[in-house]
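The values are calculated or read from the model by the stated rules, or taken from the named source; none is laboratory data. Keep in mind it's a predicted model, so treat the numbers as computed, not measured. Glycine gets a Cβ as well: all are built from the backbone with ideal geometry, and neighbour counts include every protein chain shown. The area values use the complete protein model at the heavy-atom level, side chains included, leaving out ligands, DNA and RNA. Shrake-Rupley method; radii C 1.70, N 1.55, O 1.52, S 1.80 Å.
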Amino acid sequence: MKVLVTGGCGYIGSHTVVELLNDKQEVVIVDNLVNSKKEVLEKIKEITGKEVKFYEEDLCNLQELKHIFEKEKFDSIIHFAGLKAVGESVSKPLMYYQNNLISTLNLLECMQEFAVKKIVFSSSATVYGNPKTLPIKEDFPLSTTNPYGTTKLMIENILTDVYKANLDYDITVLRYFNPIGAHKSGLIGEDPNGIPNNLMPYIVKVATNKLPVLNIYGNDYNTVDGTGVRDYIHVLDLAHGHLLALKNKKTGLKIYNLGTGRGTSVLELVNKFQEVNHIKVNYQITKRRDGDIDACYANCDKAKEELGFTTKYTLEDMCKDSYNYVKKNTIQ
Ligand code: NAD
Ligand code: UFG
């Protein structure tokens, strides 16, 4: 199968490309490198022994995108490309709406023009807002608290409408929980520039002395130890979920949670990281971060039943692999 992977140089995209290549799928990446680097392509080659075809292009450029579709004749699409920083989306909402929505609309227009009927879309647990009960199931009410989340929900709604008008389309929406970890080789992973927003990249920066102290945002939540609880999933398990979604025989519009079903608090994650990596992480408790919720973890029964999705990596693996990647790629 010839698969277009948008955003394939990014964190989750690059791990998924490796998974697809190992499964002998033919992959073409389109990425404008706004949040990734071209060197990822060499790393992918080093891991898989395979060259990936790459277009450095912005999906918002419809004419260029059409040329790529005309030339490549894709069978299916996995759509990762998008901007993802929650805080930045609050200060630059137009940038988020423009990039995330226009890129997706252009992709859908190309699908129609070039008769590509299968797409897998990267959504997020953020579309559940503040859930009333846990674990979260796919049919829970949806709401968002920031422009980034709203782009995800809007795209889900657009996909639903497009499906209603094209019942022969095969659309899978994957709602990710909190991806962390990295490829076992330490060649690809996540190491954002500047000060990270997300917990694991921040822990790793403190562990590698790039930042002095981790701020734990609140210890008065209604959770096991007062710190926020999330469902951390190894990026390799998440990548495998995409392969399953791509090969799934069930057609139509399908929505799946991809998580582990287990909640872990901030303190539990920090302690596990220290224990498995034999390193101290300085932290202090500070006030809550605006918009954060107490707890969020998935019910993944639907993905298990319909996709055969299960996770195989533990929290230990996630902590070890995140640290290994950054250690290996840090110039001391
Ligand atoms: P990432 O930033 O590492 O990867 C996204 C890639 O898309 C980058 O390589 C970027 O250069 C590219 N891109 C962005 N806009 C583009 C455009 N207009 N044209 C072409 N390329 C473009 O992010 P990620 O963590 O790999 O996330 C992948 C997807 O999963 C995103 O849609 C994100 O919103 C979603 N998601 C991520 C998380 C998470 O915690 N990482 C959680 C839920 C959902
Ligand atoms: N946290 C800290 N200190 C930090 C960073 C985070 O204490 O420096 C805490 C947060 O308060 C929260 C937990 O760690 O309790 C996880 O926070 P992250 O920022 O890593 O993740 P979020 O659950 O807030 O959000 C992430 C992505 C969203 C996505 C969501 C669900 O950033 O885009 O997961 O998939 F929507």
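I'd like to know how region 38-89 sits against the 2.2 N^0.38 Å rule of thumb: what's its Cα Rg over that expected value?
1.42
If you wrap a convex hull around the C-alpha atoms of region 10-70 and split its volume per residue, what is the figure in Å³?
It comes to 76 Å³ per residue, whole-number rounded.
Give a residue-ordered list of calculated ³J(HN,Hα) values for region 18-25 (Karplus: 6.51 cos²θ - 1.76 cosθ + 1.60, θ = phi - 60°; whole Hz; x for Gly, Pro).
Here the 3J(HN,Hα) series is 4, 4, 5, 5, 5, 8, 6, 7 Hz.
Pull out a ≥ b ≥ c, the square roots of the eigenvalues of the alpha-carbon gyration tensor of region 201-248, then state rounded if a/c is under 1.5, prolate if not and a/b is larger than b/c, and oblate in the remaining case.
oblate
Evaluate region 128-270: find the radius of gyration of its Cα atoms, find its Kirkwood radius, and give the ratio Rg to Rh.
Numbers: Rg = 17.6 Å, Rh = 17.6 Å.
Checking Rg against Rh, the ratio lands at 1.00.
Rg (Å, one decimal) plus Dmax (Å, integer) for the alpha carbons of region 184-332?
Rg and Dmax of region 184-332, Cα atoms, are 16.7, 50 Å.
Rounded to the nearest 5, what % of DSSP beta bridges with both residues in the chain are antiparallel? Kindly include the intermediate steps, with their values, before the conclusion.
On the way: 2 of 44 bridges.
Of those bridges, close to 5 percent are antiparallel.
Enumerate the amide H contacts of T172 below 5 Å, restricted to partners 5 or more residues apart or on another chain; note that Pro and chain-start residues carry no placed amide H.
Under 5 Å from the amide H of T172: I119, V120, F121, K254.
Measure off, as a whole percent, the carbon and sulfur share of the 1.4 Å-probe accessible area of region 69-132, all protein chains present.
Numbers: 1590 of 2830 Å².
Result for region 69-132: 56 percent of the exposed heavy-atom area is carbon or sulfur.
Compute the accessible area per residue over the chain, keeping the other protein chains in place, probe 1.4 Å, unit Å².
45 Å²
If each DSSP helix of 4+ residues adds -39,500 (n - 2.57) and the sum is divided by the residues in the chain, what number results at 222 nm, nearest 500 deg cm²/dmol?
On the way: 12 runs with 128 residues, N = 332.
The helix-only estimate for the chain comes to -11500 deg cm²/dmol at 222 nm.
Under 15 Å from the Cβ of T151, count the other residues' Cβ atoms, weight Lys and Arg +1, Asp and Glu -1, and hand me the total.
+2
Please identify, among T133, T145, T48, the residue showing maximal mean-square fluctuation in a Gaussian network model of the chain using a 10 angstrom Cα cutoff.
Greatest mean-square fluctuation among the candidates belongs to T133.
Quick one: if you take sqrt(5λ) for each eigenvalue of the C-alpha gyration tensor of region 135-212, what semi-axes come out, biggest first, whole angstrom?
34, 16, 12
Please compute the volume of the convex hull spanned by the alpha-carbon atoms of region 273-332 and report it per residue in Å³.
For region 273-332, the hull spanned by Cα atoms encloses 175 Å³ per residue.
Summarise the accessible area of region 225-332 (1.4 Å probe, protein heavy atoms) by the percent that is carbon and sulfur.
Details: 2390 of 5100 Å².
In region 225-332, the share of accessible area belonging to carbon and sulfur is 47 percent.
Starting from the alpha-carbon convex hull of the chain, give the projected area averaged over all orientations, in nm².
Over all viewing directions, the chain projects a mean Cα-hull area of 15.8 nm².
Tell me the label-point distance for the pair N61, K132, using the 7 Å Cα-to-Cβ offset, in nm and rounded to one decimal.
Between N61 and K132, the label points sit 4.8 nm apart.
From the Cα gyration tensor of region 1-109, with a ≥ b ≥ c the square roots of its eigenvalues, which class applies: rounded if a/c is under 1.5, or else prolate if a/b is larger than b/c, or else oblate?
Cα axes put region 1-109 in the oblate bin.
What percentage of all Cα-Cα pairs in region 73-184 are separated by more than 24 Å?
That tail contains 30 percent of the Cα-Cα pairs.
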